[in-house]
Amino acid sequence: MSEPASSAPAPRRTFLMVLPLLAFLGLAALFWFRLGSGDPSRIPSALIGRPAPQTVLPQLEGLQADGAQVPGLDPAALNGKVSLVNVWASWCVPCHDEAPLLTDLAADTRVQMVGINYKDAPDNARRFLGRYGNPFVRVGADPNGRASIEWGVYGVPETFIVGRDGKIAYKLVGPITPDNIKAVLRPEIEKALKAGS
């Protein structure tokens, strides 16, 4: 008695069973190399080279410097100066680590330091700046996060360099560190200062 003929040869059947697994592994490898292994601080921004968002943000209530209220964010104040715009919050753990570095950057009087306080309670934000020092000449309050969305913010902290022409020259996703200050931020600041002179 002969064996019944199979509908497909054994090697072909095995290949068809393994094909979905191979496709999945190929896609996983693609995502890993394109997204997973890359530096998240190098996420491109569609806003590079475009004017900074024209959103006016109110002052952080009760924040004072030299006995006067620190002003909020007025987009017109970004024109004519190189500005470093930092999006931060008191509840953001990496923001605590970068706060002393922002104070160091503020020592360069050629650059205007501007803060956007993201989804934060004013009391907590003021305590944060009281603890670490306030490097900002302007702090805009963004309690609902809408203005930060216009800036293309993925999450806090993020930092932008805005040229004298009011256009975004560079975006750093993630916290400022001693390494990226030396390797990226200072060179980008110098480039923005030269571009506007």
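Nothing in this text is a laboratory measurement; each read-out follows from the coordinates by a stated rule. For clarity, every value in this text was computed on a predicted model and none was experimentally measured. In this analysis, Cβ positions are derived from the backbone assuming ideal geometry, glycine residues included, and neighbour counts consider all displayed protein chains.
Which shape class applies to segment 99-197: rounded if a/c is under 1.5, otherwise prolate when a/b exceeds b/c and oblate if not, where a ≥ b ≥ c are the square roots of the Cα gyration tensor eigenvalues? Because a/c hits 1.5 or more and a/b exceeds b/c, segment 99-197 counts as prolate.
Each peptide in 148-160, 49-61 gets a packing score, the mean of other Cβ atoms within 10 Å over its residues, and the list from highest to lowest is 148-160, 49-61.
Which lysines have a Cα less than 27 Å from the Cα of LYS191, not counting those fewer than 8 places away in the same chain? Cα-Cα hits under 27 Å: LYS81, LYS167, LYS171, LYS182. Computed from the C-beta positions of ALA65 and VAL93, the FRET efficiency with R₀ = 41 Å rounds to 0.95. Annotation for segment 168-195 versus segment 71-130: alpha-carbon center distance of 15 Å. Among LYS119, LYS81, LYS171, LYS194, a tally of other beta-carbon atoms within 10 Å of each Cβ gives an order, fewest to most, of LYS194, LYS119, LYS81, LYS171.
Computed over neighbours whose Cβ is under 14 Å from that of LEU102, the net charge equals -2, Lys and Arg +1, Asp and Glu -1.
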